[in-house]
Each structure stands twice: as structure tokens, then as C-alpha cells.
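As C-alpha cells, the structure follows; a few thoughts come after it.
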Amino acid sequence: MMGHLDYHLIKQVCSEVHGSFPITFTAKGISFDANKVEPGDIYVPIDEHGFDSHQLIEAAVEAGACATFWKKSVSLSPSLSDDITVFVVEDPMVAVKQLAEIYLVEVDPVKIAVVGDETRIAAKKVLVKLLTDTYNVHGRDRATADEKSVLETILTMPLETDALICDVDARTQSKVTKIGELLTPSISLIVVDDEGEEEALLRHTAFIEDGMKASGTIIVKGDHVYFRSREWKTDVFFYGENQENMFHIEESVCHGETCTFSIKGIRLTFQLPSIFSNHIKLITSTIAASVHLGIDADHIKTSLRQLNLRDIELAEIGTVGGTLIVCDTFGERQFRAEYGVKMLKQLGAFQRRVLIIDDGFRGEKGEKMFHETAASLVAAPISDVLTIGDKAFWVAEALKRRDNDKLNYKHYVTHSEAIIPLKEIIEKTSLVLYRGANRELIKQLIKELNRH
């Protein structure tokens, strides 16, 4: 999917242009990161963290940028090719925000914000599945859910989009407020895992309302006293187990490979694969949003019955006996350690939950910092961590410092050393999240164990 940023749209935010700018000009989107520019994008250099990203224009052009914004106070680079169109503005960030505001009016989609901790990503994915057959849905996956990523999402939106879905990381109040004002959502879905219900996080999520009109709708868990007692200026639909909730979960039963549950006021009984047994509240929030948007209950029932791991950006590598081995399907550089670990904690009813971090576990940040971040997230019900190779060494070191006597963890320098422990883990009934560059090795072990 791609946006349609044409000549007339850009002229509304920029009056000074260098290079070719024909009336037929159209860009597919924008990128703030020169390393992630896609062919047909407009590069947006900004001053951030003491670094002026105008210096990366050559990398952006090489990646396929068709144009770039340029801050008026910065001298044009003499190395700039005549083939690149330069939009000179007072402030590139301000210009892009103006562009997004105009484009939102032009496309006029239903604007949906999914706000919360890492659980929001699963909620967003399920909501996309429920809406897709009825709406033209747009919502890009980004490693960060911040103001820049929302701007990139808006400006890559196809003209035919009916529903725009953006996820909002609620760990900081300012981020929620900025995105709320930028997106002005008509529907906000607030999703926080029971484990992460710190008072500060709950307060942060509610700030999405500051960017909403009084006619907007907030869908939020009514089981928490903070949300129940808050005075909302918008319409509020509560979901959860409290009997006073509009979307009250009346009954839920899991048997074998299927979970069945019902919601007050909806005549149908819903079914889910049992791997999602701990996500019934989260899924109820997406049902509430879908019903509000006019989705037929029968369609919702069918979609949920077909829900699978890939719908929430996980993939099954294989199974051995009662063990399920999964990996994330986000791009290598888009992997979010928090999300993968959160899903490892939540999926199914496994007593043993294992995180395997192998060479190739990389992220946006410096490797050491990123690995320590991953280690800081490891807690019950995760029972075991196995790390392999030099790149994963930092996780093992960070786990040592945390001194968690309830966690079994072991580091192996080479894959040959790790083969026997890997087999032992796979042979015991477990949920395993594998993160690394050697999935073929895991598949080979699974194949070998399944032959015996």
C-alpha cells in the first residue's frame, strides 16, 4: 500500500522548490530515517539528539528517495543531485505535520488509536483482522509507536483507505498527548495487560482523549476502578468481567483446542483457538470496536474462529509432542523485544515458557543496550532462558545481575554446545519463543525429534 502525496498537496506546505517538480509529481510516502527510505518516499531530515540528519541525504537518495524536505537555515549540500527534488521549508517537522493534517482531511478515514502497553500490538492486529473484509484498513507496523511513526503511517495511507489504525505507546504521557492531537481519533481503544496496570500507565492512556472530539468514542476495560471513576468527556464503552460493563464477558470455557465465550447483549457465542485463552478480555475490546463500526456479529464470530498466531505477528516454527516453538514475523530490524516477551508470557496455558536468544538477535539500539533491555523484561511466568553466541552474551550477563533464583538460564558460546540443551527443552512440554538467525537449525532439531 502506498500514499498519494501529489503536487497540489505539497504546494500547500512548501513555496520554495529546487530541482524538477512537475505538476504530475507524486510521492508514495515519507521517511524520517535515511536507512528505511523506500523508493518513491520523501526524506524528512530533522535535528534530533544533537545530530542533524540533513547529513544523511546521500544515503536517502541511494535508497530511492524521490525528494527531500530541507530546513531553510541549512545550506543545500553541493553533492545533491539535480534529480532529487528539494522542498525548502522553515521546519521540516512542522511542514510534515501540516501535510498530514491536510491529507487526513482529503482521505477522511475513520481514525482509530489503539493505546496501551505492548499488548496493544496484539489488539491492533486482531482489530485489523475483524475489519479488513468490510473496510479498507491501513496501519503500518513500526518498531516505535511515536509521533514520527504515526506521521509516516498517515502519509503512506492509500486514498481509498476507510479505516486508519495507529498504535500508541502509553509509557509516556507526552507521547500519548502529541499523537492524540496529531491523529484526533474518532475511536480510541485502550488496552493494558492485567500485569501492567501501574497507575501511571493507566493515567497516560487516558490522555488520548485530549485529542478527541466530544463525539468520539473510547473503549476501555471497566474492571479497573481508575477508568470507572474517571470523568470522560467522550462516549465510553466499558468491557471486561464486571457485570456493569456494556461488553460484559458472561462466560468463558476452554476445552481442548477451543475456547468458547459469550458477551452480554450479543446473541452469538464466540470461539477461539485455545492458544488465545488469556486474550479473551483483549479480544472483547476489539469486538466492541467492531460492533461500534457496524461489523456483523456473524462475521466477527467467523474471523475469531480462524484467528491464528500469524495474525498477531508470530509464526509457528514447529511442534514436538506438547511443545510449541514460535518466532516473531516482524522484520529483523522491526522486532520489539517487549512484544515478543509479552506474548511468551500470555499465550496458552503452558507451565514451562522458554526464551531462546540466538546470534542474529538485533534491534534498533546498540546491541548491548538492546540485549539488556530484553533481559530486563524476563520474569514469571517465563521459566527458562537459553542464550547462544557472542551477540546474546549480554542477555546472559544482564540476567546474572538480576539474580532471579526462579529463572533457569544458561549461555552457550557455540551452537554445537547448545544442541543437547535445545533438544531437552523441545522434548519437554513448553512454549518456546525463538529469536535468532538460525531457524533452520531449530527446524532440523524438530524434524529429528519427531522421527523418534
Inset, instruction - With a 1.4 Å probe and every protein chain left in place, work out the accessible area per residue of the chain in Å², rounded to a whole number. - result: 44
Inset, instruction - Have a look at the DSSP beta bridges in the chain and tell me what percent are antiparallel, nearest 5. - result: 30
Legend entry - Long-range amide H partners of ILE218 with built H, under 5 Å: SER188, ASP235, VAL236, PHE237
Inset, instruction - Whenever you get a sec, compute what percent of the accessible area on the range 233-355 sits on carbon and sulfur atoms (1.4 Å probe). - result: 44
Legend entry - Partnerless cysteines, meaning none of the other Cys C-beta atoms lie under 4.7 Å away, in the chain: CYS14, CYS66, CYS166, CYS327
Inset, instruction - Quote the relative contact order of the range 238-300 in percent (integer), defining contacts as alpha-carbon pairs under 8 Å separated by 6+ residues. - result: 25
Legend entry - Solvent-accessible surface ranking, highest first, for TRP394, TRP232, TRP70 at 1.4 angstrom: TRP394, TRP232, TRP70
Legend entry - Gained length - ALA380 relative to ASN242, 0.36 nm times residue gap less alpha-carbon distance: 47.0 nm
Legend entry - Kirkwood hydrodynamic radius of the range 1-139, Cα pairs, Å: 16.5
Legend entry - Charge dipole of the range 1-89 about the Cα centre (unit charges at C-beta), most positive-ward option of LEU5, ILE84, PHE51: LEU5
Legend entry - Magnitude of the charge dipole, the chain, Cβ model with Lys/Arg +1 and Asp/Glu -1, debye to 20: 1080
Legend entry - the range 22-84-the range 176-205 distance, computed between alpha-carbon centres (Å): 32
Inset, instruction - Using only the alpha-carbon atoms of the range 205-267, report the extent along each of the three principal axes, biggest first, to the nearest angstrom. - result: 44, 22, 20
Inset, instruction - Could you check how many percent of all C-alpha pairs in the range 1-67 are farther apart than 15 Å? - result: 53
Legend entry - LYS11 paired with LYS213, simple spin-label distance in nm, labels 7 Å along Cα-to-beta-carbon: 2.9
Legend entry - Label-to-label distance, nm, for residues given as THR24 and GLU160 (7 Å Cα→Cβ offset): 2.3
Inset, instruction - Give me D for the range 111-166 in µm² s⁻¹, whole number, from Stokes-Einstein with Rh from the Kirkwood sum over alpha-carbon pairs, 37 °C and 0.692 mPa s. - result: 284
Legend entry - Within the chain, helix-based [θ] at 222 nm, where runs of 4 or more DSSP H residues each add -39,500 (n - 2.57), nearest 500: -10000 deg cm²/dmol
Legend entry - Farthest positive-ward along the range 372-452 dipole, Cα basis, beta-carbon charges - from TYR409, ALA398, ALA437: ALA437
Legend entry - For the chain, convex hull of alpha carbons as volume per residue, Å³: 161
Legend entry - Stretchable slack from LYS428 to LYS264, in nm (0.36 nm times residue separation minus alpha-carbon distance): 55.1 nm
Inset, instruction - Evaluate the distance, in nm, between pseudo-label points positioned 7 Å from the Cα of MET2 and of GLU106 along their respective Cα→Cβ axes. - result: 1.5
Legend entry - ASP41 accessible area, 1.4 Å probe, all protein chains in place, Å² to nearest 10: 10
Legend entry - Rg(Cα) / (2.2 N^0.38 Å) computed for the range 227-344, rounded to two decimals: 1.21
Inset, instruction - List the residues whose amide H sits under 5 Å from the amide H of TYR412, counting only those 5 or more places along or on another chain, with H placed 1.01 Å from N in the peptide plane. - result: THR387, ILE388, GLY389
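The values are calculated or read from the model by the stated rules, or taken from the named source; none is laboratory data. Just so we're clear, the structure is a prediction, and the values are computed from it rather than from any experiment. Here Cβ is always computed from backbone atoms with ideal geometry, including for glycine, and neighbour counts include all displayed protein chains. Accessible surface areas use protein heavy atoms only, side chains included; no ligands, DNA or RNA. Shrake-Rupley method; radii C 1.70, N 1.55, O 1.52, S 1.80 Å.
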